[in-house]
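The structure under discussion appears below in the form of structure tokens.
The values are calculated or read from the model by the stated rules, or taken from the named source; none is laboratory data. A quick note: this is a predicted structure, and the numbers were derived from the prediction, not measured. Don't worry about glycine lacking a Cβ; one is built from the backbone with ideal geometry, like all the others, and counts go over all protein chains shown. To get the accessible areas, we keep the full protein, side chains included, count just its heavy atoms, and leave off ligands, DNA and RNA. Shrake-Rupley method; radii C 1.70, N 1.55, O 1.52, S 1.80 Å.
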Amino acid sequence: MRSTRIAVYLLVTVLTAIYLLPLLVVALNSLRTTQEIFANGMIGLPRALSFGNFADAWSGLCIAEHCTGIRSYMLNSFLMTLPATILSTFFGALLGYAISLWRFRGDLWVFGLITLGVFLPEQMKLVPWVLVLRDLGLYNSVGGLILIHVVQGISFTTLFCRNYYIGIPPELVKAARIDGAGFFRIFWRIVLPLSPPILIVTIIWQFTGIWNEYLYGVTFASGEHQPVTAALIALAVTVSEAPQYGVQSAAVLIAAAPTLFVYLLGGKYFMRGLTAGAVK
Amino acid sequence: MTPIRRRSLLAASGTALLSQAAPRLARAEGKPRVTVITQWSAGSDGAAITALGDLFTKAGGDWQHNPVPGFTTDMMNKLRAQILSGDPPAVSQLKGPEIAAWSKIAPTVNLDADVAAAGYEKVVAPELIKLHKPFGHWISLPLQVYRINSIWISRKAADKVGVTALPKTWAEYNAIGEKMAKAGIQPVANGGTKWDNGMIWEIALSGISPAAYRKAVMELDAATLRGPEVLAAFEQTRKMSLWMDPNTASQHYSTFIPKFMKGDAGMLLMGGWVQGVYKKAGYQYSDYMTGPAPQDNGRPAFDLNADAFIFWQRKEPEFTAGQHLLAKLVMEKDTQKMYSGITGSLPVRTDMDLSDPAFSDAQREASASLGAAVKDDQAVLSLAHNMAQPNQITAAMIDVLTEFVTDHSITPQKGQARLAEAVDNVR
Amino acid sequence: MTGVRRRLDAALPLLAIWVPVLISIVYVVGFTLYTVWISFTPSTLLPDYGWVGLRNYSAILATRNWQIAANNMAIYGFCFLLLTTALGLSLAVLIDQKLRGENVFRTIFLYPLAVSFVVTGVVWGWLLNPGIGIQKLVVGLGWTDFRFDWLVDRDRALYCIVLAGAWQASGFAMALFLAGLRSVDADLMKAAQIDGAGPLRTYRRVILPSIWPIFIAVFVILLQFAIKTFDLAMALTGGGPGIATVLPSIVVYDFMFQRGLLGRGSAAAVLLLLMLLAVLLPYAVFRRWQHVRNARNA
């Protein structure tokens, strides 16, 4: 059995090396200047460590006139992602609870329709969103982006939460109703306290999804109000010019830090929540 | 509601209304203003547009630039969204036949008066004028010009095979290619992006016969598309595709700059912006030779790519003032000198003196060839850079061309037939 | 006051449920119907509310772009789902062995989902490029015959997207499977051990069948990933070499936005949704059959 143990550890180590490979490339490139990358090839060890990329990325980077680095774009991303994550998680929990524990006529149809939302491709939703935001007067504002991400997020969060709440014994809810508790009281007092695992799952899922989103962030925000994904693209994609790989790699690491942080923090709960959130 | 509460509510809303109106009042009697949407967010393009903004501000205007990072498509998405929501920018980047297409969906500004005042029409290439006066009057202004049909040869590679002069005809190009291939050098250093694939075909065709290019690509003449010059272009492109690095995949040409500079790849067919790219990557003029791409008929031809600003109609007087101010600035010699100096492009005006050290020899040579090509009626519009046709036709043609370059089993005859067919389908 | 209060108490939950539900349903149904509508119009740069019948559909179906994309979707969808599920399951089984440092391993396998797809696509583009990445490295280490040039091969480049996609999503599949493995009934495990079954047989005969519902869940979530694959594919191959690796989402983007043909692009989007329906409907029917069977057996 000892040999199988060693084999298992070996296999896992090899796999982690493969999984880490792209991150390693990015990390190495963040320590090389763009010039050195062009001189010696896209993948390689740094000839001389240059930490200037991080400083450049954080505060010196220029997106046309706005030379504030990605610092201000990170702030924009937070302003958009945090409220959208919290709101979509809240509504997901509420709706999941209503559909699974409170039951009403047609609840499974409703659930099915809402869940279909996770399959809609982004491109086809762009023009309708422009029209909706225009009519609501929210075009080109953080509020508009938050609305988009909340509405789209509800499809996912309801799916996760409803599948989790199905596991809560309905007797709990029945007993509380007999005692005279109403919809919201049961939610606050009974359901929410049982929810942390699934709430962590939805928070992690939503946070990473919204943080890394690019199409809507670029179309529905302007100039210095754009999210950090826009800043990353500015460094990467050009038609004729060459991307600034050194600074871009540093910027990518900085931009990925919040999501990685959320993963590390919530990792354990993620597992526990997925146990119940997806098994049904 | 109690009387007191009602009064304070009224007072509060009154103040709110006033505070909304106050800045508008202040702006109305204030400076000329423009809101600008472009995709130029980084690199020399970003620097140039920022410098233009500074000029505008110095001239007394209020400059609000919204750079949309990403490809041109993302910028157009933003433009589309702004127009749909009733808030078009005062000025936006647009080029080629798209100017005509987009001007049909939202009203534009008539710039005839500004152009006449600056005497601009006399110093712009006629091919460009057609694009910016799609319905009889000026609605947009070209900002900078690039020559697509330029060739760049690695000095180290050239030394290895004893090449000292640029190839003047495609036969000479092929001879150099064969010498390099025998010496183990990759003759063609182009990349694998779609537009790059389409571009080498168009450089071949415009080099073989600018007249055929004009008829086939710009006028979509069915007979010429199936004719011998286009077939020759396909054959040249097939030769070049076999000389390309098999590992290009969809890599940008800049990925292979190290290889080019080391002398392991020899010749690059690419527009004039490459000069800036090489400079930024840390290389000197002495590391490469550059000039016009091979021209079989010996007379200068110019494959045009030009960026432009389109001016969208706005009711507010400060926007109108800002648009006229920007129009005036963009047409001035000094502005164009500054802009092209930063990006490495060519000024639009054909009457510019580029002897200033800010410009390179390559730019001077290219600018002179623009004037000469215009006089000789050999100035054509680029297909791969969306100048010759609207995007839907361009995309269909580029798809055929990129397939041809990457799939070596397609014969030049078949490639030509496919191109003609694709054009017929989208005509 | 109590009457009003009670009515409020009754009304509030209805509001709290129905307002978001209605918004959500209007979003899903409304946006889909809008797209279907636009697909029947001559819309180009902006929506144009005319009518052209099925012309957009016949035009899109006639393009090589769509034909290649539909074919690729079938291959990619199948391979991606298979590989990611297999990887996820294998990783879960490995980690289930009560390894030390399980937290670290788990986070490493989950992290690909946390990083922007655009960037990871570009990096995989370098790694999978024979002249720049893995092949160059291995050949440089001495194994000169090594070939890993799928990315530049028209017939195999699609599988590179499968690889990159599996790398990205397998961590999530792993997490789902691991959770399932850990929640297997302990009595079942003991019974199998008493029967003398080795670890492999235990897994095959006992554990895997009992986490059957998780396979379904993984398939559904991964299906959603596959349909929406866009950023990764664009960054990795750009649809190339040539147009060999275009996927339906790329065709939608290309026709809607790059070519400024909203009508055609919407037709492509509707076709994509129809392809999706072709996969979901059997699943829904299967679940209904399961439900009915369980009810009958109960």
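Things worth noting here:
- Selection status of B:HIS408, in contact (Cβ under 8 Å) with a residue 24 or more places away in the chain, within 30 Å of C:PRO241 (Cβ to Cβ) and surrounded by fewer than 20 Cβ atoms within 10 Å (Cβ to Cβ): yes
- Condition met for B:PRO69 (of a type outside the set (Val, Ile, Thr), open to solvent by less than 20 Å² (accessible area, probe 1.4 Å), at pLDDT below 90 and under 27 Å from B:SER382 (Cβ atoms)): yes
- Any hit, the stretch C:87-95, residues being out of contact with any Ser or Thr (no Cβ under 7 Å at 6 or more places or on another chain), more than 30 Å from A:THR16 (Cα to Cα) and part of a helix (DSSP H, G or I): no
- The numbered conditions (1) assigned to a helix (DSSP H, G or I); (2) closer than 21 Å to B:LYS160 by Cα; (3) among the polar types (S, T, N, Q) are all true for B:SER206 except (2).
- For beta carbons closer than 9 Å, sequence separation of 6+ or different chains, a first residue in the stretch A:32-51 that is among the aromatic types (Phe, Trp, Tyr) and a second that is open to solvent by 40 Å² or more (accessible area, probe 1.4 Å), the qualifying pairs are A:PHE38/B:LYS280; A:PHE38/B:TYR283.
- Scanning the stretch B:72-102 for residues that are more than 8 Å from chain A (Cβ to nearest Cβ) and of a type in the set (Val, Ile, Thr), we see that the one that is nearest to C:GLN258 (Cα to Cα) is B:THR73.
- Residues in the stretch C:83-102 that are over 25 Å from the mean Cα position of the chain (by Cα) and either facing chain A (nearest Cβ under 7 Å) or buried (at least 19 other Cβ atoms within 10 Å of the Cβ) (or both): C:GLN97, C:LEU99.
- B:ALA327 of a type in the set (A, V, I, L, M), surrounded by fewer than 21 Cβ atoms within 10 Å (Cβ to Cβ) and more than 30 Å from C:ALA157 (Cα to Cα): no
- A:PRO227 open to solvent by less than 10 Å² (accessible area, probe 1.4 Å), of a type outside the set (Lys, Arg) and under 23 Å from A:THR157 (Cα atoms): yes
- Note on the stretch B:280-318: residues that are surrounded by 23 or more Cβ atoms within 10 Å (Cβ to Cβ) and farther than 30 Å from B:ALA233 by Cα total 4.
- Test: residue in the stretch B:204-224 that is touching a Leu at 6+ places or on another chain (Cβ under 6 Å) and without any contact (Cβ under 8 Å) to a residue 60 or more places away in the chain: yes
- Residue count, the stretch C:6-50 (criterion: among the hydrophobic types (A, V, I, L, M, F, W, C), more than 9 Å from every other protein chain (Cβ to nearest Cβ) and not in a helix (DSSP H, G or I)): 1
- Any hit, the stretch B:197-216, residues being surrounded by fewer than 17 Cβ atoms within 10 Å (Cβ to Cβ) and touching an Asp or Glu at 6+ places or on another chain (Cβ under 7 Å): no
- Residues in the stretch A:87-128 that are without any contact (Cβ under 8 Å) to a residue 12 or more places away in the chain, more than 9 Å from chain C (Cβ to nearest Cβ) and open to solvent by 30 Å² or more (accessible area, probe 1.4 Å): A:PHE90, A:ARG103, A:ARG105, A:GLY106, A:LEU108, A:TRP109.
- Of all positions in the stretch B:342-349, at least one carries a residue that is under 19 Å from B:LEU131 (Cβ atoms), out of contact with any strand residue (DSSP E or B) (no Cβ under 8 Å at 6 or more places or on another chain) and buried (at least 18 other Cβ atoms within 10 Å of the Cβ).
- Remark: pairs (first residue in the stretch C:132-151, among the β-branched types (Val, Ile, Thr); second residue in a loop (DSSP other than H, G, I, E, B); Cβ separation under 7 Å; 6+ apart in sequence or on different chains) = C:ILE132/A:GLY41; C:ILE132/A:MET42; C:ILE132/A:ILE43; C:ILE134/C:LEU128; C:ILE134/C:PHE148; C:VAL138/C:PHE146; C:VAL139/C:PHE146.
- All positions within the stretch C:125-144 that are of a type in the set (Phe, Trp, Tyr), open to solvent by 20 Å² or more (accessible area, probe 1.4 Å) and closer than 22 Å to B:SER250 by Cα: none
- For the stretch A:41-54, the condition holds for no residue, the condition being that it is within 14 Å of chain B (Cβ to nearest Cβ), basic (Lys, Arg) and surrounded by 19 or more Cβ atoms within 10 Å (Cβ to Cβ).
- Filter result for A:LEU24 (closer than 12 Å to A:SER249 by Cα, assigned to a helix (DSSP H, G or I) and either open to solvent by less than 30 Å² (accessible area, probe 1.4 Å) or away from chain B (no Cβ under 14 Å) (or both)): yes
- Qualifying residue in the stretch B:123-142 (condition: crowded, with 20+ Cβ neighbours inside 10 Å and among the basic types (Lys, Arg)): no
- Residues of the stretch B:141-178 satisfying the condition of being assigned to a helix (DSSP H, G or I) and within 18 Å of B:ARG364 (Cβ to Cβ): none
- Residue that is surrounded by the most Cβ atoms within 10 Å (Cβ to Cβ), among those in the stretch C:225-279 that are more than 16 Å from A:LEU215 (Cβ to Cβ) and without any contact (Cβ under 8 Å) to a residue 24 or more places away in the chain: C:GLY239
- On the stretch given as the stretch B:42-66, residues that are open to solvent by less than 10 Å² (accessible area, probe 1.4 Å) and either touching a residue at least 60 places away in the same chain (Cβ under 8 Å) or not in a helix (DSSP H, G or I) (or both) total 4.
- Listed by position, the helices (runs of 4 or more DSSP H) contained in the stretch A:161-228 that have at least 2 residues being at pLDDT below 85 and aromatic (Phe, Trp, Tyr) are A:183-186.
- Output for the stretch B:251-279, where each listed residue is open to solvent by 10 Å² or more (accessible area, probe 1.4 Å), among the small types (Gly, Ala, Ser) and within 9 Å of another protein chain (Cβ to nearest Cβ): B:GLY276
- Sole exception among (1) open to solvent by 20 Å² or more (accessible area, probe 1.4 Å); (2) closer than 18 Å to A:THR85 by Cα; (3) within 14 Å of chain B (Cβ to nearest Cβ) for A:LEU145, by number: (1)
- Any chance B:LEU220 is out of contact with any strand residue (DSSP E or B) (no Cβ under 7 Å at 6 or more places or on another chain), open to solvent by less than 40 Å² (accessible area, probe 1.4 Å) and on the phi > 0 side of the Ramachandran plot: yes
- The residue that is nearest to C:LYS98 (Cα to Cα), counting only those in the stretch C:172-192 that are loosely packed, with under 14 Cβ neighbours inside 10 Å, of a type outside the set (A, V, I, L, M) and modelled with pLDDT under 70, is C:ASP185.
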